[in-house]
Every structure is written in structure tokens, then in C-alpha cells.
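To keep things clear, I will list the structure first and then write my remarks on it.
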Amino acid sequence: MSSDGGAITNLKTGQVNENCSPGDGGLSGGNLSFTGSIPINVDGSFKIDDTLQSEIGIGDHSDPDTAHVVITGQVSGATASGTFIETDEFTDQGTAYSCTSHAQTWTATKTG
């Protein structure tokens, strides 16, 4: 949180695992970093809703990927908790894939 408690700063995620359809495969990645300040509403809630463009490495090649990340949270004192979901969509060798982390819960404590 910012020093005045009005924003989330330096938000980082850990590894994110996703199940993909079609097929039995999945993705692992994550370790996302959000720079800047994410405002905390008067009621203590906040939300990040972001679309990211990247590449998915598959075997000896990579495919363009569109990831959608939604992080919601509620701050109470020095603790925050909420949900995280990431979805990815890409096409590999003519097959369209949709992957999701499903809604994951999280908690964090203010440091510093």
C-alpha cells in the first residue's frame, strides 16, 4: 500500500497455473508485476482488470497470446484479500485454445 493507505503499489503475483481446453494440457506462468498505483475505494475495495498481449512458447515455436487478468480485493487494516483469475486465448497449429486459472483466493499483508 502507499504510505497514505489510499492505493496498492508494487503488486506482484506468484506462479499461476491454468487448465486449457481443448485437451488435457495446461499453462504455468504468472509472476505478473503491476506498476503504478491502484486506487483503494472508500469502502476498502479495489479492482484490476487488464488485458495483456504476449507469446506462449510451445515446443520449438511460440504463438501470440491474449491474457485477461482480473484481481479484486478488500483492504482491512494491514491485510488485503480477494480473488484472482487469469484467462489466456491463443491458436496453435490451427487449434484455438482457451485456458483459465479459475477464480483463486488470495491474502496479503502490508510490508514496510
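The values are calculated or read from the model by the stated rules, or taken from the named source; none is laboratory data. Model, not experiment: these values are computed from the prediction. For neighbour counting, all protein chains shown are included, and Cβ atoms are generated from backbone atoms with ideal geometry for every residue, glycine included.
Worth a mention:
- Single residue of the range 22-43 satisfying the filter (at pLDDT 90 or above and within 21 Å of residue 78 (Cβ to Cβ)) that is surrounded by the fewest Cβ atoms within 10 Å (Cβ to Cβ): 42
- Some residue of the range 73-87 being of a type outside the set (Gly, Ala, Ser) and at positive phi: no
- Residue check, residue 46 surrounded by 11 or more Cβ atoms within 10 Å (Cβ to Cβ), in contact (Cβ under 8 Å) with a residue 24 or more places away in the chain, within 27 Å of residue 22 (Cβ to Cβ) and of a type outside the set (D, E, K, R): no
- Residue in the range 70-112 that is farthest from residue 46 (Cα to Cα), counting only those that are among the charged types (D, E, K, R), in a strand (DSSP E or B) and touching a Ser or Thr at 6+ places or on another chain (Cβ under 9 Å): 89
- Criterion (crowded, with 16+ Cβ neighbours inside 10 Å and without any contact (Cβ under 8 Å) to a residue 40 or more places away in the chain) met by exactly one of 69, 75: 69
- Contact annotation: residue pairs with Cβ atoms under 6 Å, 6 or more positions apart or on different chains, pairing a residue in the range 2-27 that is under 11 Å from residue 87 (Cα atoms) and of a type in the set (Asp, Glu) with a partner that is in a loop (DSSP other than H, G, I, E, B) and at pLDDT 80 or above, are 18/101.
- Criterion applied to 24, 43, 65 was being over 18 Å from residue 111 (Cβ atoms) and part of a strand (DSSP E or B), and the one residue passing it is 65.
- Any chance residue 57 is loosely packed, with under 13 Cβ neighbours inside 10 Å, at negative phi and over 10 Å from the mean Cα position of the chain (by Cα): yes
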